[in-house]
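Following: one structure in structure tokens, then a few remarks.
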Amino acid sequence: MGKLSSLFLMSALICGSAQAENLEVPGTGRWEGMAFSSSEVDQLAQEKYDEMLSDFAANKKLDADGEATRRVQRIGAVLVASSARFKPSTAAWKWEFHTTADANVDALSLSGGKIMIGSAFVDSLKLTDGELAMLIAHEMAHAIAEHQREELSEASQIKGGHLTAQVLMADLELDLGLQIKLYALSSTQEAEADELGMLIAHEAGWKTGDMVSFYRKLAASDQGAVESHAYPSMASRLSMATGMQRLFASMDN
Ligand SMILES: [Zn+2]
């Protein structure tokens, strides 16, 4: 083996080991197996988010409600500060908060802190600031827990480990069979985003009653998805929220 090829092999091995890692989710302590690097997934997420911003802007659906956008960005900024106490590296993230008038979007989050909130969804539930903070904190928790990276990693394993993160990201939108195989993970991630989101909102000083009333409103509406992914039943989300409320009350006393 020539010097060049052994150097290449060594760098390939180093890259491989740098990408595959186990990561502990702050707040919940669950361990995730990662097959791709966070920088690779964040880069893909940024491209997808920028594409989404362009599409919404072209249809006059990006930040169309200036008041709603300022409200989301103001609440988001405070939550960013409290997120860093759970994961210090997030303080250096390029967090982005936007709203869309696209009725198909409730709320979503992409890797690296790219948040999109549906203004029609917020209006339909008549969310107070505290309830909106819970929704935003839930979306931020997905990013902090690196759920998109974990989802791509599990999708990679299901598909045999040979596909790139970029190909898998496209597959995840179109391959129903793959989505079904990821149902258990999606459900775990939703419950985790609820829990970590409540911890972040509590750290930021929001009242636990607001968090519970957010889940009560979600349960009362038919819009329990928050995202199009799998999610735990509204009854279990609401009971988790009231359980967390009791926990916070016991900690604060
Ligand atoms: Zn979610």
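To the nearest 10 degrees, how steeply does helix 3-19 sit against the main Cα axis of the chain, on a 0 to 90 scale? That works out to roughly 20 degrees. For the chain, the longest principal axis of the alpha carbon atoms and the long axis of helix 165-174 meet at an angle near 50°.
Given 48/207; 61/126; 60/217; 61/87, which pairs have Cα atoms separated by over 25 Å?
Working: 48/207 34 Å; 61/126 20 Å; 60/217 29 Å; 61/87 32 Å.
With Cα atoms farther than 25 Å apart: 48/207; 60/217; 61/87.
The H on the amide N of residue 99, modeled in the peptide plane, is under 5 Å from the matching H of 63, 117, each at least 5 residues off or on a different chain.
Projecting the Cα atoms of 82, 145, 178 onto the charge dipole of the stretch 32-252 (Cβ charges, centred on the Cα centre) puts 82 farthest toward the positive pole.
Result for the chain in a Gaussian network model with C-alpha springs under 10 Å: among 158, 136, 117, the largest mean-square fluctuation is at 158. Across all Cα atoms of the chain, the radius of gyration (one decimal) and Dmax (whole number) stand at 19.0, 68 Å.
Counting only DSSP H runs of at least 4 residues, each contributing -39500 (n - 2.57), and dividing by the residue count of the chain, the helix-based mean residue ellipticity at 222 nm comes to -20500 deg cm²/dmol. Rounded, prolate or oblate, given the Cα gyration tensor of the stretch 122-253, with a/c below 1.5 counting as rounded? It comes out prolate by the Cα gyration axes.
By how many degrees, between 0 and 90 and to the nearest 10, does the Cα long axis of helix 129-144 differ from the longest principal axis of the chain? Between helix and principal axis, roughly 10 degrees. Is the shape of the stretch 77-169 best called rounded, prolate or oblate, per the rule: a/c under 1.5 gives rounded, else a/b larger than b/c gives prolate, else oblate, with a ≥ b ≥ c the square roots of the Cα gyration tensor eigenvalues? The shape class here is oblate.
Counting Lys and Arg as +1 and Asp and Glu as -1, each charge on the Cβ, what is the dipole of the chain about the Cα centre in debye, to the nearest 20?
On the way: 21 positive and 35 negative charges, 85 e Å.
Once rounded to the nearest 20, the dipole reads 400 debye.
Bear in mind these aren't lab numbers, they're just calculated from the coordinates by the rules spelled out. In this text, all values refer to a predicted model and were calculated from it rather than measured experimentally. FYI the Cβ positions are ideal-geometry reconstructions off the backbone, even for glycines, and counts take in every protein chain you see.
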